[in-house]
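Working notes, beginning with the structure itself.
The values are calculated or read from the model by the stated rules, or taken from the named source; none is laboratory data. All figures in this text were calculated on a predicted structure; none of them were measured in a lab. So basically every Cβ, Gly included, is an ideal-geometry build from the backbone, and we count neighbours across all protein chains shown.
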């Protein structure tokens, strides 16, 4: 079985501040991990994914995430928030030898204040 | 090129009526997924189609829900005898790989279903 926990349904930051969105996973086999972003009234789009190569993964729009096996975490960060980053962010996990269908977290809404 | 499209974008129906939701995946994509997104609940997997293989229906919440995919392309999700708890956004996604767990999914904008 696999699961994802996203800590904090809402995260609020000021424009220019560090963005940190937390994701912890559970998987009995090596995981593959994803971050997707959903802008208002749109579908989800991929930000980045970890597929067992480099543990530090860089994505679009200046986001990056680091896979930490010892902490079972895949937190998403961005050094400086922009107003356009306001959106819903979803972490997802799938597994080699396990479910090819990703399991999604409940999402974290990022609010960016001027 | 065109992305995943879904229709209608919004659907309001009365309790007990049947509804059909349509998904047009990216041309050439062999995999197609349906999810349900309820407020604060994340994405709930419903059903998965891969090529000509039998679909994975393990996520369908009841026998009122069914889906088909014609010609390996367009898919229709049908909900019979709708209930108020069926109100949600229904998302469709497609991917081009053959069911690899590293697949990137491409999502449509969703259909917002409201059951009165």
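Assorted remarks:
- Picking from residues in the range A:99-114 that are more than 7 Å from every other protein chain (Cβ to nearest Cβ) and assigned to a strand (DSSP E or B), the one that is farthest from the chain's Cα centre (by Cα) is A:113.
- Identity of the residue in the range B:25-50, within 13 Å of chain A (Cβ to nearest Cβ) and surrounded by fewer than 19 Cβ atoms within 10 Å (Cβ to Cβ), that ends up nearest to residue B:110 (Cα to Cα): B:38
- Selection count, the range B:1-22, where residues are more than 11 Å from chain A (Cβ to nearest Cβ) and modelled with pLDDT of 90 or more: 14
For (1) assigned to a loop (DSSP other than H, G, I, E, B); (2) touching a strand residue (DSSP E or B) at 6+ places or on another chain (Cβ under 9 Å); (3) closer than 25 Å to residue B:46 by Cβ, each residue gets a yes or a no:
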| position | (1), (2), (3) |
| --- | --- |
| A:20 | no, yes, no |
| A:52 | yes, yes, no |
| A:65 | no, yes, no |
| A:81 | yes, yes, no |
| A:91 | no, yes, yes |
| A:94 | no, yes, yes |
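Table: residues versus (1) assigned to a strand (DSSP E or B); (2) over 10 Å from the mean Cα position of the chain (by Cα).
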| site | (1), (2) |
| --- | --- |
| B:89 | yes, no |
| B:92 | yes, no |
| B:101 | no, yes |
| B:104 | no, yes |
| B:112 | yes, yes |
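- Once the range A:37-50 is narrowed to residues that are over 17 Å from residue A:73 (Cβ atoms) and assigned to a strand (DSSP E or B), the residue that is farthest from the other protein chains (Cβ to nearest Cβ) is A:37.
- Residues (surrounded by 14 or more Cβ atoms within 10 Å (Cβ to Cβ), more than 18 Å from residue A:96 (Cβ to Cβ) and within 12 Å of the chain's Cα centre (by Cα)) located in the range A:49-76: A:59, A:63, A:64, A:65, A:66, A:73, A:75, A:76
- Matching residues, the range B:59-86, being part of a loop (DSSP other than H, G, I, E, B), surrounded by fewer than 19 Cβ atoms within 10 Å (Cβ to Cβ) and in contact (Cβ under 8 Å) with a residue 40 or more places away in the chain: B:72, B:73, B:74, B:80, B:81, B:83
- Test: residue in the range B:94-102 that is within 22 Å of residue B:11 (Cβ to Cβ), touching a strand residue (DSSP E or B) at 6+ places or on another chain (Cβ under 8 Å) and within 14 Å of chain A (Cβ to nearest Cβ): yes
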